[in-house]
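Only one structure is covered here, and it is reproduced in the block below.
The values are calculated or read from the model by the stated rules, or taken from the named source; none is laboratory data. Please read all numbers here as calculations on a predicted model, not as lab measurements. A quick note on method: Cβ atoms are made from the backbone with ideal geometry, for glycine too, and the neighbour counts reach across all protein chains shown. Side chains are part of the model used for accessible areas, which takes the heavy atoms of the whole protein and leaves out ligands, DNA and RNA. Shrake-Rupley method; radii C 1.70, N 1.55, O 1.52, S 1.80 Å.
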Amino acid sequence: MKKILIINGPNLNLLGRREPDVYGNTSFEAYLDQIRADFPLYEITSYQSNIEGELINKIHEAGFSSDGIVLNAGAYTHTSIALHDAIRAVTTPVIEVHISNVYTREAFRHHSCIAAACRGVIAGFGLASYRLALEAFK
Ligand code: DQA
C-alpha cells in the first residue's frame, strides 16, 4: 500500500459551501470517500489546517515516511516561503494542486512560492485535480 497524505490549507475546510461557482458543491469528506474507493491500493489520509505553521509541521511529520503528499496550500501558495522551505526539507515528493485554474484568476494568484519545490503542479480540474495527482503517484 502506498501511503499518500492529502494536505489542504486555509479555507478549504469550507469546500462545498465556499464560493461554489469556483470550488463546486462537494465537501472534501464526500470526495475523499470517492477517491478512497477508486484507489484501493493507496492508504489515503487527509489533513486540513488554516494555520501556516501547522501545515509545515504536518509536512515535517509525514515528509520522511509517506510515499507522496498532495498539497493544496490555498492562499499560502502565493505567499509562503516557509512552506517552500518545508517541502524542500523533506524527502517525500509533493505535488501542488489547485481546484481552480489560478492562471485565469486575479494576478496575485499567478505566482506560486511553492511550485519550484514541488514535483509537479496540477490546477484547474476542479476536485479532479486531486485525483490526477494521485494518478501521478502511480
Ligand atoms: C486554490 C487557489 C488559491 O488561489 C486560493 O487561495 C485557494 C484555493 C484552489 O484550489 O483553486 O484557497 O488553492
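Just for strands (runs of 3 or more DSSP E) wholly inside the stretch 46-138: which have at least 2 residues that are in contact (Cβ under 8 Å) with a residue 40 or more places away in the chain and on the phi < 0 side of the Ramachandran plot? Give the steps one after another, and end with the answer.
On the way: elements: 68-72, 94-98, 120-123.
Correct list: 68-72.
So which residues in the stretch 1-15 are in contact (Cβ under 8 Å) with a residue 12 or more places away in the chain and under 16 Å from the mean Cα position of the chain (by Cα)?
LYS3, ILE4, LEU5, ILE6, ILE7, ASN8, GLY9, PRO10, ASN11, LEU12, ASN13, LEU15
Do we find a residue being more than 20 Å from LEU134 (Cβ to Cβ), in a helix (DSSP H, G or I) and either acidic (Asp, Glu) or open to solvent by less than 40 Å² (accessible area, probe 1.4 Å) (or both) anywhere in the stretch 26-44?
At the first step, the residues of the stretch 26-44 found to be more than 20 Å from LEU134 (Cβ to Cβ) are none.
Checked against the condition, which is being more than 20 Å from LEU134 (Cβ to Cβ), in a helix (DSSP H, G or I) and either acidic (Asp, Glu) or open to solvent by less than 40 Å² (accessible area, probe 1.4 Å) (or both), the stretch 26-44 yields no hits at all.
For residues that are farther than 14 Å from ILE4 by Cα and open to solvent by less than 10 Å² (accessible area, probe 1.4 Å), tally how many sit in the stretch 52-86.
Number of matching residues: 6.
Quick one: HIS98 ticks every box in (1) surrounded by 18 or more Cβ atoms within 10 Å (Cβ to Cβ); (2) away from the ligand (no atom under 12 Å from the Cβ) except a single one, so which number is it?
Looking at each condition in turn, HIS98 falls short on (2).
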